[in-house]
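Below is one structure, written out as C-alpha cells; the observations come after it.
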Amino acid sequence: EAQVTQNPRYLITVTGKKLTVTCSQNMNHEYMSWYRQDPGLGLRQIYYSMNVEVTDKGDVPEGYKVSRKEKRNFPLILESPSPNQTSLYFCASSSGTGGNQPQHFGDGTRLSIL
Amino acid sequence: AQSVAQPEDQVNVAEGNPLTVKCTYSVSGNPYLFWYVQYPNRGLQFLLKYITGDNLVKGSYGFEAEFNKSQTSFHLKKPSALVSDSALYFCAVRDMGTYKYIFGTGTRLKVLA
C-alpha cells in the first residue's frame, strides 16, 4: 500500500531535549516536505526536499533541521525544542518536482514541548 | 508574495443542499492550485487540482472546483452535500519560483442532517 509513515504519532517531551520525527515513503517520490499545523494558521511549510541531498527552507524553518540521505526518508530534527514548537506535524511526498502532482500526507505527529 | 485566503472559518450547510467553500489566491505567473480534505486524526487527502485547461475541475467524492483567473479564485463546490462531507478543507497553491507550497488557514465544513 502506498503510504507516508511518520513516527512517533504522539510525543510529550521537555524543553531542550533533542528529538527526531521520522518520515518514510514507499512511492519513490522525489519531493518531500514537512509542515506544521496550528489553529487559525493552517499548514505552514517548514522544509522541503527536491531529491536526495537537496533541501531548502520553507516559511517557518527556525528551530528545525532536516536531512535527505536516502530518497525514501526525510527526518525532522528539533535540536533544542521549545514550547512554541508544540504543534501537529505532517510529512508529505509527491512525485516529480514540477509541482503538478498532489502531495500524499502522513497521519501526523502531535508534539507537546513542556 | 504568494498567498492563499480562505475567508470563512466555518461553513454550515443542510444535507442535500449545494455547498461552496471559498478560496482566493495571489501568485505571480500561472497558478497550480489544489484542494485537500482533513478528517479528524488523519493527514490531508487530495481532492482535486487545477494545472491548466478547463476551468471546471472534477475531483474525488463528487467535488468540483471552478478556476476563475480574473477573480483569482478557486472555489470548491458540490451539488448535494452529505453529512460525511463534514471535515476541514484546505486550499493550496504551489509557488512556481521557489517550489514551496502555500496553504490557506482552512475552512471547517459542517453538513447538518
query: Out of all the residues in the range B:77-97, which are among the hydroxyl-bearing types (Ser, Thr, Tyr) and surrounded by fewer than 15 Cβ atoms within 10 Å (Cβ to Cβ)?
result: B:SER80, B:SER84
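Looking at the range A:51-72, which of its residues are among the aliphatic types (A, V, I, L, M), surrounded by fewer than 17 Cβ atoms within 10 Å (Cβ to Cβ) and in a strand (DSSP E or B)?
Of the residues in the range A:51-72, the ones among the aliphatic types (A, V, I, L, M) are A:52, A:54, A:60, A:66.
Subsequent filtering for residues that are surrounded by fewer than 17 Cβ atoms within 10 Å (Cβ to Cβ) retains A:52, A:54.
Matches in the range A:51-72: A:VAL54 only.
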message: Could you check the range B:98-107 and list, in sequence order, the residues that are open to solvent by 10 Å² or more (accessible area, probe 1.4 Å) and more than 25 Å from B:ASN17 (Cα to Cα)?
response: B:THR98, B:TYR99, B:LYS100, B:ILE102, B:PHE103
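Restricting attention to the range A:69-84, does a residue exist that is of a type in the set (Val, Ile, Thr) and within 14 Å of another protein chain (Cβ to nearest Cβ)?
Here is the first cut: in the range A:69-84, the residues of a type in the set (Val, Ile, Thr) are A:77.
Narrowing further to those that are within 14 Å of another protein chain (Cβ to nearest Cβ): none.
No, the range A:69-84 has no match at all.
Okay, residues lined up against (1) within 11 Å of A:ARG36 (Cα to Cα); (2) at pLDDT below 95; (3) open to solvent by 30 Å² or more (accessible area, probe 1.4 Å):
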residue: A:PHE74; (1), (2), (3): no, no, no
residue: A:SER80; (1), (2), (3): no, no, yes
residue: A:SER87; (1), (2), (3): yes, no, no
residue: A:SER95; (1), (2), (3): no, yes, yes
residue: A:GLY98; (1), (2), (3): no, yes, yes
residue: A:PHE105; (1), (2), (3): no, no, no
residue: A:ILE113; (1), (2), (3): no, no, no
query: Looking only at the range A:1-26, which residues are aliphatic (A, V, I, L, M), modelled with pLDDT of 95 or more and part of a loop (DSSP other than H, G, I, E, B)?
result: A:VAL14
statement: Considering residues that are away from chain B (no Cβ under 14 Å) and in contact with a Gly (Cβ under 8 Å, 6 or more places away or on another chain), the number found within the range A:85-114 is 1
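Return yes when B:ASN30 is over 15 Å from the mean Cα position of the chain (by Cα), at positive phi and surrounded by fewer than 19 Cβ atoms within 10 Å (Cβ to Cβ) and no when it is not. Spell out the reasoning first.
Values: over 15 Å from the mean Cα position of the chain (by Cα): yes; at positive phi: no; surrounded by fewer than 19 Cβ atoms within 10 Å (Cβ to Cβ): yes.
For B:ASN30, the condition - over 15 Å from the mean Cα position of the chain (by Cα), at positive phi and surrounded by fewer than 19 Cβ atoms within 10 Å (Cβ to Cβ) - is not met.
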- prompt: Does the range B:53-76 contain at least one residue that is within 11 Å of chain A (Cβ to nearest Cβ) and either closer than 26 Å to B:LEU112 by Cβ or among the hydrophobic types (A, V, I, L, M, F, W, C) (or both)?
  reply: yes
query: So A:LEU41 clears everything in (1) within 8 Å of another protein chain (Cβ to nearest Cβ); (2) in contact with a strand residue (DSSP E or B) (Cβ under 8 Å, 6 or more places away or on another chain) except one condition, right? Which one?
result: (2)
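Just wondering, is there one or more residues in the range A:37-50 that are open to solvent by 10 Å² or more (accessible area, probe 1.4 Å), acidic (Asp, Glu) and part of a loop (DSSP other than H, G, I, E, B)?
No, the conditions are met nowhere in the range A:37-50.
Please count how many residues of the range B:8-39 are part of a loop (DSSP other than H, G, I, E, B) and of a type outside the set (A, V, I, L, M). Step through it out loud before you land on a result.
So the first thing to find is which residues in the range B:8-39 are part of a loop (DSSP other than H, G, I, E, B), and the list is B:8-9, B:15-18, B:22-23, B:27-31, B:39.
Going one step further and asking which of them are of a type outside the set (A, V, I, L, M), we end up with B:8-9, B:15-18, B:22-23, B:28-31, B:39.
Residues in the range B:8-39 being part of a loop (DSSP other than H, G, I, E, B) and of a type outside the set (A, V, I, L, M): 13 in total.
The values are calculated or read from the model by the stated rules, or taken from the named source; none is laboratory data. It should be emphasised that the depicted structure is a prediction, and the values quoted were computed from it without experimental measurement. When we count neighbours, we look across all protein chains shown, and the Cβ atoms used for this are built from the backbone with ideal geometry, even at glycine. These accessible areas exclude ligands, DNA and RNA; they are computed on the full protein's heavy atoms, side chains included. Shrake-Rupley method; radii C 1.70, N 1.55, O 1.52, S 1.80 Å.
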